[in-house]
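To start, the structure under review is shown below, and the notes come after it.
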Protein chains: 2
Amino acid sequence: MNTTLGTPVRTVHYGLGPIGLAALRSVAARSQATVAGGVDIRDDLQGRDVGELAGIGPCGVSVTRTLSEAGTPGSADVVVHCAGSHLDRVTDEILEALAWGASVVSTCEELAYPWYHHPDQARRIDEAAHATGRTVLGTGINPGFAMDALALCLSSVSERVDRVHIRRVVDAASRRGPLQVKVGAGISPDEFEVRRRAGTIGHVGLVESVAMIAAGLGWQLNSIGETLEPVLASKPIRTDVVTVDPGSVAGIRQIATGSARGHEVIRLHLEMYVGADDPGDVTTLDGVPTIRSSSTGFHGDICTAAIAANAVAAIPRLRPGLLTALDLLPVRATL
Amino acid sequence: MNTTLGTPVRTVHYGLGPIGLAALRSVAARSQATVAGGVDIRDDLQGRDVGELAGIGPCGVSVTRTLSEAGTPGSADVVVHCAGSHLDRVTDEILEALAWGASVVSTCEELAYPWYHHPDQARRIDEAAHATGRTVLGTGINPGFAMDALALCLSSVSERVDRVHIRRVVDAASRRGPLQVKVGAGISPDEFEVRRRAGTIGHVGLVESVAMIAAGLGWQLNSIGETLEPVLASKPIRTDVVTVDPGSVAGIRQIATGSARGHEVIRLHLEMYVGADDPGDVTTLDGVPTIRSSSTGFHGDICTAAIAANAVAAIPRLRPGLLTALDLLPVRATL
């Protein structure tokens, strides 16, 4: 039985943007964890109480610029890292946290399954984690659950899976302002195309989800593809932060696929736009039996913060190394 | 990465009834496992080829009466045990398999979460498993997934869970004959009442699911309750094995609840009857956020055999001891 509660896990929160503060609130709400530090490079945050920043009242812990200013090595158990989507930008921060003696729970999207697209960085982090006896876990709602891990969990009762199809529709208007901006709400189709070519628009992590599903089911993919196009508004949409005219961009439609032996075996269809009619998640495993699961409630910000906080509590029970959701689901459909 | 395939796991199948043979077929279909033996006490099965019994053609392995006749200790890695719903009847068989040197994957319903209702037997099995360095895993679709583990998996993205409500409706006509008989299809309401009082009708494992959910969410329950009543046919129903007249029993409606601090916090509603209109599974986690997941495809026989076979492949990666689905889901909603 793993229900016995031990000493609370001490966390330092690295990156105090909207998701970082949400994760901090989520950790602070749990008896199994206690907030021991907050790290951010922004000048205007230095010395401020992290609890006040998070809107939960003072907690006697001040923001510092670095981990070493937050405390001596060993003064925290887990660094909750919410400071970037791309591994190129965060690998050094994760290695720094390990060197400082902590395990890491990170919402970095590319860390949700880095073994396919970033094997070198994954190996470096894995080796450093083993060398320090600590755990690094990439997590989040998407990638990390809604469009990958949930399908693998469902596959545990599959006699055979032939194809995985997941469709996630998010009403961006229900999300924070930066997310609405991130999906291009309110810009012109031309501007969307400029940003698409520059790689500054779209969801990070969809191809990682394809790779995780394939690895989890033991499938060798020939190729992983991805497309990104705008969803255009057919009527005026007004949210708390943007106004979208008809014909302007309401958000994104992003599709990632994985093929094996010439057949598309994984298709992840993600729409995130303001005014989405029917938000929700539908996971279909074609096979024996065909399993179809339709879910509502997987709110991007709330659930990413929550799974990070829930993962913090699980860290003492996990093995050392770089782990992903895949490693937390040992029973999956097998070949 | 756990995707590397190692040496196939060698299985002995203990109990060759419908579920045992389905699990054997499922194991035989996987490259990660290989069938090494079949054990059953029935005289008419002795010496017969297990593959022929399972309908997949001869596989060169004959039924024996005991494990020791099936091979020397160490000649198999996992005993796939499908020989009873109640721990009282199967504990000795599981201890025997451990003493014989194998791990055990069992579909015994009460083993899906024995720590609450059968703590002494759970402890005996756990100690024996630790002593031999082997793993015992209780598994199945229900209990083991549809009405417990899936909810715990979903809770990993929950900021807070206040109440769990799961409704499973099974069309017994889609299941094998013994299941239709087990739910009382075709008997009179009076006969149902006689069997209900004798404890010879109804689903085994629902209260185990309640206990697993509570343990997984860290909830201390004051009480677990269960009710069982017949679902009566409103029109004639004819299946391949029974004919049900209007007014006769079509199947069961079984409800188990768990209460904490005077409030019902878990409600598991199971209906299994012939002619069920809208079969499927609905899992609701009231909380932040409220998550609702509606699934189809969790076929009792197919999925129980499948999860047992998928668990066999996972055994080499699991720690020693008595494990349940709870132990395979380290990240859950935490308090």
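So for chain A: antiparallel DSSP bridges make up what percent, rounded to the nearest 5? Spell out each step's value before the answer.
Working: 37 of 67 bridges.
If we restrict to bridges inside chain A, about 55 percent are antiparallel.
If you put +1 on each Lys and Arg Cβ and -1 on each Asp and Glu Cβ, how big is the dipole of the protein assembly as shown around its Cα centre, in Debye rounded to 20? Intermediate values should be presented prior to the final figure.
Details: 58 positive and 72 negative charges, 20 e Å.
Dipole of the protein assembly as shown, to the nearest 20 debye: 100 debye.
In nanometres, what is the gap between the two model label sites at B:H130 and A:S75, each 7 Å from Cα along Cα-to-Cβ?
Distance between label points: 3.7 nm.
Go ahead and run the numbers for FRET between B:D278 and A:T227, Cβ-Cβ distance against an R0 of 45 Å, rounding to 0.05. Can you show the working numbers first?
Details: r = 36 Å, r/R0 = 0.81.
Computed FRET efficiency for B:D278 and A:T227: 0.80.
Label-point separation (nm) for A:S174 and A:D162, each offset 7 Å from Cα along Cα-to-Cβ?
Each label point is offset 7 Å from its Cα along the Cβ direction, giving 3.3 nm.
Can you compute the radius of gyration and Dmax for the stretch B:70-221, using only the Cα atoms, both in Å?
Spelled out, the Cα radius of gyration and Dmax of the stretch B:70-221 are 17.6, 51 Å.
Tell me the net charge near B:L335. Cut-off is 14 Å between Cβ atoms, B:L335 excluded, with +1 for each Lys or Arg and -1 for each Asp or Glu. Numbers along the way, then the final one.
Values: positive: A:R30, B:R160, B:R261, B:R332; negative: B:E159, B:D162.
Counting the neighbours of B:L335, the net charge comes to +2.
Hey, which lysines would be in cross-link range of B:K235, C-alpha to C-alpha under 28 Å, not counting anything within fewer than 8 residues on its own chain?
Within the straight-line cut-off, B:K235 pairs with B:K182.
What's the local net charge at B:R175, with K and R +1, D and E -1, over the other residues with C-beta under 11 Å away? Don't skip to the answer; put the middle values down first.
Details: positive: B:R176, B:K182; negative: B:D171, B:D240, B:D301.
Local charge sum for B:R175: -1.
List every residue whose amide H lies under 5 Å from the amide H of B:G321, counting only residues 5 or more places away in sequence or on a different chain, with H placed 1.01 Å from N in the peptide plane.
Amide H neighbours of B:G321, under 5 Å, 5+ apart: B:H130, B:R134, B:T135, B:V136.
About the Cα centre, and with charges only on the beta carbon of Lys, Arg (+1) and Asp, Glu (-1), how big is the dipole of chain A? Nearest 20 debye, please.
Values: 29 positive and 36 negative charges, 116 e Å.
So the dipole magnitude of chain A works out to roughly 560 debye.
Between A:R317 and A:I56, what is the FRET efficiency for a Förster distance of 35 Å, r being their Cβ-Cβ separation, to the nearest 0.05? Provide the component values of the computation, followed by the final result.
Values: r = 27 Å, r/R0 = 0.76.
Taking R0 as 35 Å, the efficiency between A:R317 and A:I56 is 0.85.
Could you work out the local net charge near B:L45, counting Lys and Arg as +1, Asp and Glu as -1, over the other residues with Cβ closer than 15 Å to its Cβ? Could you put the intermediate results ahead of the total?
Working: positive: B:R42, B:R48, B:R65; negative: B:D40, B:D43, B:D44, B:D49, B:E52, B:E69.
Charge balance in the 15 Å sphere: -3.
I'd like the FRET efficiency for B:V181 and A:A260, computed as 1/(1 + (r/R0)^6) with the beta carbon distance as r and R0 of 45 Å, rounded to 0.05. Provide the component values of the computation, followed by the final result.
Numbers: r = 43 Å, r/R0 = 0.95.
According to the calculation, E is roughly 0.60.
In whole Hz, with x marking every Gly and Pro, tabulate ³J(HN,Hα) for the stretch B:216-228 from phi via Karplus 6.51 cos²θ - 1.76 cosθ + 1.60, θ = phi - 60°.
Coupling constants for the stretch B:216-228: x, 9, x, 8, 8, 8, 7, 7, 10, x, 8, 10, 9 Hz.
Is it possible to state the helix-based mean residue ellipticity at 222 nm for chain A, with each DSSP H run of 4+ residues giving -39500 (n - 2.57), the sum divided by total residues, to the nearest 500 deg cm²/dmol? What is it? Walk me through the numbers on the way to the answer.
Numbers: 10 runs with 97 residues, N = 335.
That comes out to -8500 deg cm²/dmol.
Translational D (Stokes-Einstein, µm²/s) of the protein assembly as shown at 37 °C and 0.692 mPa s when Rh comes from the Kirkwood sum over C-alpha pairs?
Details: Rh = 26.1 Å.
Diffusion coefficient, whole number: 126 µm²/s.
Inter-copy label distances at B:P236, 7 Å along the Cα→beta-carbon direction, one decimal in nm, shortest first?
6.4
For B:R10, what residues show an amide H to amide H distance below 5 Å, using hydrogens built from the backbone and excluding near sequence neighbours?
Here B:T34, B:D77, B:V78 satisfy the definition.
Sequence-distant or interchain residues sharing an amide H contact under 5 Å with B:C59, placed H: which?
Excluding prolines and chain starts, which carry no amide H, the hits are B:V50, B:G51, B:E52.
Go through the stretch B:261-316 and name the trypsin sites (Lys or Arg not before Pro) that are in a DSSP coil and have 14 or fewer other Cβ atoms within 10 Å of their Cβ. Intermediate results must be reported in sequence, preceding the final value.
On the way: sites: B:R261, B:R267, B:R292; in loops: B:R261.
Answer in residue order: B:R261.
Taking only Cα atoms and a 10 Å spring cutoff, compute GNM fluctuations for chain B and point out the largest among B:V181, B:V50, B:V104.
B:V181
Placing +1 on the Cβ of each Lys and Arg and -1 on the Cβ of each Asp and Glu in the stretch B:181-335, which of B:A276, B:A211, B:L322 has its Cα farthest towards the positive end of the resulting dipole?
B:L322
Average partner chain C-beta neighbours within 10 Å, per residue of B:298-308?
Numbers: counts 5, 6, 0, 0, 6, 7, 1, 2, 11, 7, 2.
Counting other chains' Cβ atoms within 10 Å and averaging over B:298-308 gives 4.
Put a dot 7 Å past each Cα toward the Cβ at A:R65 and B:T66; how far apart are the dots in nm?
A separation of 7.6 nm, rounded to one decimal place.
Size of the dipole of the stretch A:4-114 about the Cα centre, Lys and Arg at +1 and Asp and Glu at -1 on the beta carbon, nothing else charged, in debye to 20?
Working: 7 positive and 13 negative charges, 80 e Å.
With Lys and Arg at +1 and Asp and Glu at -1, about 380 debye.
Quick one: Karplus J couplings for the stretch B:259-273, per residue in order, coefficients 6.51, -1.76, 1.60, θ = phi - 60°, nearest Hz, x for Gly and Pro?
Those phi angles translate into 10, 9, 6, x, 10, 6, 10, 9, 9, 10, 10, 10, 10, 10, 8 Hz.
List the distances, in nm to one decimal, from the label point of B:G262 to the label points of the same position in every other copy, shortest first, placing each label point 7 Å from Cα along the Cα-to-Cβ direction.
Copy-to-copy label distances at B:G262, shortest first: 6.9 nm.
Place the label 7 angstrom along Cα→C-beta at B:E69 and in each other copy, then list the distances from the first to the rest in nm, shortest first.
In nanometres, ordered from closest: 7.6.
Can you work out ³J(HN,Hα) from phi for every residue in the stretch A:318-325, in order, using Karplus 6.51 cos²θ - 1.76 cosθ + 1.60 and θ = phi - 60°, giving whole Hz and x for Gly and Pro?
Those phi angles translate into 9, 6, x, x, 8, 10, 10, 3 Hz.
If the label point is 7 Å along Cα→Cβ of B:D286, which residues in the stretch A:288-319 have backbone nitrogen under 19 Å from it?
A:296-298
Less than 11 Å from a label point 7 Å out along the Cα-to-Cβ axis of B:T296: which backbone N atoms in the stretch B:235-278 qualify, by residue?
What the label zone holds, given the 11 Å backbone N cut-off, is B:278.
Here, each number is a calculation from the coordinates, and none is a lab measurement. Given the structure is predicted, the values throughout are model-derived calculations rather than measurements. Please note: Cβ atoms are built from the backbone with ideal geometry, for glycine as well, and neighbour counts cover all protein chains shown.
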